[in-house]
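First comes the structure, then the notes that go with it.
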Amino acid sequence: MKQIRWPGIALVAVLAVLPLSISCVSSSDLDEIHTKLADIQREVLKLQQQSSSKDEVADLGAQISTQTQSLLKSEADVQVSLKELSQQIEQLQANLGDTNYRLSQLSQQITATNQELMAVRSSLGRGLASAGPSGGGNASLTEAPTDPQALYDTSYNDYLRGNYDLAILGFRRYSTNFPDTELTDNATYWTGESYFSQAKYQQAIAQFDTILNEYPRSDKTASAILKKGYAYLELGLVEQGEVQLRNVIQQFPNSDEANLARQRLAAAGR
């Protein structure tokens with residue numbers, strides 16, 4: 001039997017007229033009416049259930065939306081925290097790189113100091129030998145040494161002690177009197193370091209440029225480029241300084257100086 005769907009108003013109307021017409025219908029008609037009423041009731045229940053399901057779906061959707069927003073906010077907070085942590089790690093790495101560089105410089109200074117002590121002991125031995133048993137020939141320890149190694153060691157010792165003016169005088173004298181030795185480029189480099197330690201950055205840059213122009217194969221080339229970059233940064237010439245740091249990375253990618261340059265650039269957000 002074909003089901004008839006009754007709108008809500010029609011259902012009320014049927015129920016209203018049903019008592020009036022019930023006397024005019026047969027038993028089979030009543031069965032059919034009861035069947036239709038049962039169908040209508042089922043449809044009404046179904047509609048009610050669907051309406052309830054829609055409300056539940058709507059509530060569930062609202063809950064999901066709230067939870068999604070909360071998760072997105074938590075994710076954003078985590079990303080901010082990770083970014084801050086990454087910046088802190090980069091700064092620590094830069095500080096560690098500077099510390100390692102200073103330790104390396106200190107190691108070189110200790111080596112040079114030991115060499116100077118050996119030179120002084122040798123000079124004292126020669127002085128005592130020349131004085132003879134009578135003691136009438138004291139060697140003057142205040143005279144500037146004429147031996148290249150002794151002059152270099154004396155100048156370097158002045159640098160270690162912070163006597164930068166004396167170190168500059170000694171290294172310049174070395175470069176002038178002994179322009180073709182294996183230590184001439186080192187003397188020029190440490191002249192630049194002495195100026196740098198005095199915050200005379202322009203003079204330091206000039207010495208580092210001398211290394212790059214006159215001693216391109218020097219073992220101090222990478223250090224000269226790095227310290228030239230540092231000097232520009234100290235002068236506030238950020239772009240020129242960063243160019244030098246990138247030059248170190250490009251020309252000496254596996255060197256300690258390149259690592260220091262990378263860390264300095266990373267600390268600056270470059």
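Of the residues screened, residue 199 is one that is out of contact with any helix residue (DSSP H, G or I) (no Cβ under 7 Å at 6 or more places or on another chain), of a type in the set (A, V, I, L, M) and closer than 24 Å to residue 265 by Cβ.
Taking the stated definitions as given, is residue 154 β-branched (Val, Ile, Thr) and out of contact with any helix residue (DSSP H, G or I) (no Cβ under 9 Å at 6 or more places or on another chain)?
Against the criterion (β-branched (Val, Ile, Thr) and out of contact with any helix residue (DSSP H, G or I) (no Cβ under 9 Å at 6 or more places or on another chain)), residue 154 does not qualify.
Selection of helices (runs of 4 or more DSSP H) fully inside region 221-270 by the criterion of at least 2 residues being under 18 Å from the mean Cα position of the chain (by Cα), in contact (Cβ under 8 Å) with a residue 60 or more places away in the chain and buried (at least 21 other Cβ atoms within 10 Å of the Cβ) returns 256-267.
Exactly one residue out of 106, 117, 141, 128 is at pLDDT below 70, in the same structural domain as residue 190 (by TED's automatic domain parsing), among the aliphatic types (A, V, I, L, M) and more than 30 Å from residue 193 (Cβ to Cβ), and it is 128. Taken over region 169-185, the criterion of being surrounded by fewer than 24 Cβ atoms within 10 Å (Cβ to Cβ) and part of a helix (DSSP H, G or I) is satisfied by 169, 172, 173, 175, 176, 177, 184, 185.
Residues of region 35-72 that are among the hydrophobic types (A, V, I, L, M, F, W, C) and modelled with pLDDT of 75 or more: 37, 38, 40, 45, 62, 64, 71, 72.
Name every residue in region 158-168 that is loosely packed, with under 14 Cβ neighbours inside 10 Å and in a helix (DSSP H, G or I), in order of residue number.
165
Does residue 194 count as buried (at least 18 other Cβ atoms within 10 Å of the Cβ) and part of a loop (DSSP other than H, G, I, E, B)? So residue 194 does not fit the description; no. Taken over region 186-230, the residue count meeting the criterion of being closer than 18 Å to residue 160 by Cα and of a type outside the set (Lys, Arg) is 16.
The values are calculated or read from the model by the stated rules, or taken from the named source; none is laboratory data. Everything quoted here is computed from the prediction, not taken from an experiment. Cβ atoms come from the backbone with ideal geometry, glycine included; neighbour counts cover every protein chain shown.
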